[in-house]
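The values are calculated or read from the model by the stated rules, or taken from the named source; none is laboratory data. Since this is a predicted model, take the numbers as computed values, not measurements. Backbone-built Cβ (ideal geometry, glycine too); neighbour counts: all protein chains shown. Just so you know, the surface numbers come from the protein's heavy atoms only, side chains and all, with ligands and any DNA or RNA stripped out. Shrake-Rupley method; radii C 1.70, N 1.55, O 1.52, S 1.80 Å.
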Amino acid sequence: MENKILMAHGSGGKLTHELINRCFAGRFKNQWLARLDDAAVIDSCGRMAFTTDSYVVTPLIFPGGDIGKLAVCGTVNDLAVSGAVPQFLSLAFIIEEGFPVADLEKIVDSVAMAAGEAGVHVVTGDTKVVQRGKADGLFINTAGIGHILDGIDVSGANVKPGDAVILSGTVGDHGMAIMAQREGLRFSGDIFSDCAPLNELTADILKVCSETRCMRDPTRGGVATTLNEIAGQSKVGMLIDDGAVPVRPSVRATCELLGLDPLYIANEGKLLAFVPAEKADAVLETMHRHRYGGDAAIIGRVTDEHPGRVVLRTRLGTSRILVMLSGDILPRIC
């Protein structure tokens, strides 16, 4: 087998099968994938959540993760914040001709490690090869399925006035790590992506507060955009305390240097939770006990004033409207 991806690897013939056996089949051993049929047949019942996403990040490898880990975590987190227990993933690769097989194996290893941490199974997949210069190295598409436990109803349309707004940790880590790596920027403080699977954290939240109204992972557009989305869905207002939002000093300094607001920078390992005010302390305590919630903080509350708008109370004691992101601060972020 060649050490570079050839167009023939996408032909469906011998080289395709060799690639699947070398790079994929052995890394995702499970009873569903082992059949190698055109679709995975899964016995399940009850309420299910189903999501799909595509990953086109550049660079493919960055401090704190790579496109493989990102693909798993992003899909797992979309299921988890929907109140689901993630179970199964599909995995499709679009590979550029000439891509090093050794790099592909490293990325697939990363997929396997992330899936193992999240406790999900990769049960079906696809591999395509396109001509040199047509895919910027590698694109990944995933889909995920999970089941929702009885009594759980998590939605952006469920938020009510009086609810507490809880953020699971520091913001802006992923976006700034990608920017620094892409632009070759060097800063005194290390900046790493926060890419992580959050399904254990969401399960802990739901155990202590089954009445959780909404959870959402603030990826592209950051916390500010996500808050605006939910305010619009539930037709409520929000009052956010800027001083309560956790930001790593290195990320804050970098944002200030570049004229960026951390509230608009992408995250890949954080979530927002909207819970009844009387349950906020219990949820916060639970989050603090989890490795991905140690920096969690209550950053604001939901109001019945200015429906659809998010107001930010600044560190100077003034207030301003926190609008949804317009444009794209940094493309190809996930």
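Charge dipole of region 291-334 (Cα centre as origin; +1 on each Lys and Arg Cβ, -1 on each Asp and Glu Cβ, all else neutral): 140 debye, rounded to the nearest 20. Split the accessible area of region 164-322 by element, probe 1.4 Å, and carbon with sulfur accounts for 47%. The length gained by stretching the chain between residue 330 and residue 315 to full extension, at 0.36 nm per residue less their Cα-Cα distance, is 2.8 nm. Here, P(r) means the percent of Cα pairs in each 10 Å bin from 0 to the largest distance; for region 1-157 it is 11, 39, 33, 13, 3, 0. Of the whole protein surface, residue 73 contributes about 0 Å² of accessible area at a 1.4 Å probe radius.
Rounded to the nearest 20 Debye, what is the dipole magnitude of region 7-148 about its Cα centre when Lys and Arg each give +1 and Asp and Glu each give -1 at the C-beta?
Computed about the Cα centre, the dipole is about 140 debye.
Solvent-accessible surface of protein heavy atoms, probed at 1.4 angstrom with all chains present, puts 185, 198 in the order 185, 198, largest first. Solvent exposure of residue 192, expressed as accessible area, is near 110 Å², computed with a probe of 1.4 Å over the protein chains only.
Identify which of the listed values of Cα extents along the principal axes in Å was calculated from the structure shown: (i) 59, 40, 37; (ii) 62, 46, 37; (iii) 65, 49, 31. Recomputing Cα extents along the principal axes in Å here picks out (iii).
Along the axis of the charge dipole computed for region 164-322 (Cβ charges of +1 for Lys and Arg, -1 for Asp and Glu, origin at the Cα centre), the listed residues 206, 284, 314 are led at the positive end by 314.
Cβ-Cβ distance of residue 288 and residue 103, R₀ of 41 Å, FRET efficiency by 1/(1 + (r/R0)^6): the value works out to about 0.60. Among 113, 215, 179, the order of accessible area from largest down is 113, 179, 215, computed with a 1.4 Å probe on protein heavy atoms.
Only helices enter this figure: runs of n ≥ 4 DSSP H residues, each worth -39500 (n - 2.57), summed and divided by the residues of the chain, yield -8500 deg cm²/dmol at 222 nm to the nearest 500.
Charges were assigned to the Cβ only: +1 to each Lys and Arg, -1 to each Asp and Glu. The resulting dipole of the chain about its Cα centre is roughly 300 debye. Rounded to the nearest 0.05, what FRET efficiency is calculated for residue 277 and residue 14 with R0 set to 51 Å and r the Cβ-Cβ distance? E between residue 277 and residue 14, to the nearest 0.05, is 0.25. Solvent exposure of residue 279, expressed as accessible area, is near 50 Å², computed with a probe of 1.4 Å over the protein chains only. Inter-label distance, residue 52 to residue 295: 3.5 nm, where each label sits 7 Å from its Cα along the C-beta direction. For residue 21 and residue 207, the FRET efficiency from 1/(1 + (r/R0)^6), where r spans their Cβ atoms and R0 equals 41 Å, is about 0.50. What pairs from 14/270; 4/29; 106/279 go past 32 Å between their alpha carbons? Where the Cα-Cα span goes over 32 Å, the pairs concerned are 14/270; 106/279. In plain terms, the C-alpha convex hull of region 92-247 casts an average shadow of 12.5 nm² when viewed from every direction.
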